[in-house]
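Before any comments, here is the structure.
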């Protein structure tokens, strides 16, 4: 009886912890399998080796605070990182277990990037001395660069693909207002600070997004005005290494991502993706229509959408048409880990909760390659994941959570 109560408590805590509707957030190459993908979501990390079935890495065994959404980063080495206000968590067994990197216990970790054997991590936490840290041994040890300040949020770091010595770091602060791009040409040993003029665009949150694959001086950033609703962002473009910027797009929402294929550019702002053939003039695309992201992986342009309300997919390739790559019915369950490992224990408990959140039945079987169903997918003979007792308990707590949230209690 006691074990059942403990298990019920774990399910309840998981149901309250995530809190956000299921949504894809970005996409990156799978470092373990050529052609595969990793997709951060509001409910953990999804991984595919074959672009057909997907496995789930739950965040419940990392040690995060309540409702924390980590920044997932799969390094080319295969090491998996999760950055959050709580700190930086590192896995060297594909997500089956994570250890806390104590270097970031005070500051937390905001963004990560790699270039020429260096791993860069920024911090963006209120009330501490933030900055940019670097590791040259795949995250085993870190040291701070010269970028360190108390009244500054270092929210993003980007490395120029065609010149890995070039590193861009964005930072901002509200009072006094500050939007700054710090630029290094010696792999982070020294930086030049460039303050973005206050009159360039409304808002205070400054964020660097992307560097051209062929020209290290072409860089895109954004300034977001969240002082009123709807939130509105200005996309900024520089052709001189950040010394000057021009506004090339203004739209409702936050800029989530920027992607490039030669002379073509895409930017995801709020619910929509905009396309450009010159990086200056942008036009909105018909799809996706809600909670968009965009990325260029190998020779494909991929976009996030909202399933099932607006777009019918969580992730799709963007070409002459939009082709779904990820729909919730293709998720087969938690990743395969050794029995007793943190992921095997925690994810098995919370998987029934996620099934309910995803609108899938308790006996769901991954429908690999199937179109988005109007009703839950039928069994196809793949591996099943069941848990009817846990699902009943999860349903109770999910219903109560929705009642609490809707009533404002």
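The values are calculated or read from the model by the stated rules, or taken from the named source; none is laboratory data. The structure displayed is predicted, hence computed values, not measured ones. Glycine gets a Cβ as well: all are built from the backbone with ideal geometry, and neighbour counts include every protein chain shown.
Quick rundown of the values:
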item	result
Criterion (within 13 Å of residue 180 (Cβ to Cβ), in contact with a strand residue (DSSP E or B) (Cβ under 6 Å, 6 or more places away or on another chain), at pLDDT 95 or above and not in a loop (DSSP other than H, G, I, E, B)) met by exactly one of 119, 132, 112	132
Matching strands (runs of 3 or more DSSP E) fully within region 16-83 where at least 3 residues are touching a helix residue (DSSP H, G or I) at 6+ places or on another chain (Cβ under 8 Å)	54-57
Residue in region 201-217 that is loosely packed, with under 15 Cβ neighbours inside 10 Å, touching a residue at least 40 places away in the same chain (Cβ under 8 Å) and more than 23 Å from the chain's Cα centre (by Cα) present	yes
Subset of region 61-74 [farther than 18 Å from residue 125 by Cα and surrounded by fewer than 18 Cβ atoms within 10 Å (Cβ to Cβ)]	none
Tally, over region 29-46, of residues that are farther than 22 Å from residue 87 by Cα and either surrounded by fewer than 22 Cβ atoms within 10 Å (Cβ to Cβ) or at pLDDT below 95 (or both)	8
Residue that is nearest to the chain's Cα centre (by Cα), among those in region 139-165 that are outside any strand (DSSP E or B) and free of Cβ contacts under 8 Å to residues at least 60 places away in the same chain	161
Identity of the residue in region 84-112, closer than 23 Å to residue 152 by Cβ and in contact with a helix residue (DSSP H, G or I) (Cβ under 8 Å, 6 or more places away or on another chain), that ends up surrounded by the most Cβ atoms within 10 Å (Cβ to Cβ)	88
Set 267, 353: member being touching a residue at least 40 places away in the same chain (Cβ under 8 Å), crowded, with 23+ Cβ neighbours inside 10 Å and out of contact with any strand residue (DSSP E or B) (no Cβ under 6 Å at 6 or more places or on another chain)	353
Some residue of region 314-335 being more than 28 Å from residue 270 (Cα to Cα), modelled with pLDDT of 95 or more and in a loop (DSSP other than H, G, I, E, B)	yes
Meets criteria (buried (at least 20 other Cβ atoms within 10 Å of the Cβ), more than 23 Å from the chain's Cα centre (by Cα), within 28 Å of residue 143 (Cα to Cα) and touching a residue at least 12 places away in the same chain (Cβ under 8 Å)) for residue 196	yes
Residues satisfying the stated conditions in region 47-74, i.e. closer than 16 Å to residue 104 by Cβ and either over 14 Å from the mean Cα position of the chain (by Cα) or at pLDDT below 95 (or both)	62, 63, 64, 65, 68
Residue ID - nearest to residue 292 (Cα to Cα), chosen from residues in region 218-248 that are more than 23 Å from the chain's Cα centre (by Cα) and part of a strand (DSSP E or B)	248
Filter result (without any contact (Cβ under 8 Å) to a residue 60 or more places away in the chain and more than 13 Å from residue 302 (Cβ to Cβ)) within region 22-39	31, 33, 34
Given (1) in contact (Cβ under 8 Å) with a residue 60 or more places away in the chain; (2) surrounded by fewer than 17 Cβ atoms within 10 Å (Cβ to Cβ); (3) within 30 Å of residue 212 (Cβ to Cβ), number of the condition residue 314 does not satisfy	(2)
Residues located in region 317-329, provided they are touching a residue at least 24 places away in the same chain (Cβ under 8 Å), under 22 Å from residue 55 (Cβ atoms) and under 20 Å from the mean Cα position of the chain (by Cα)	324, 325, 326, 327, 328
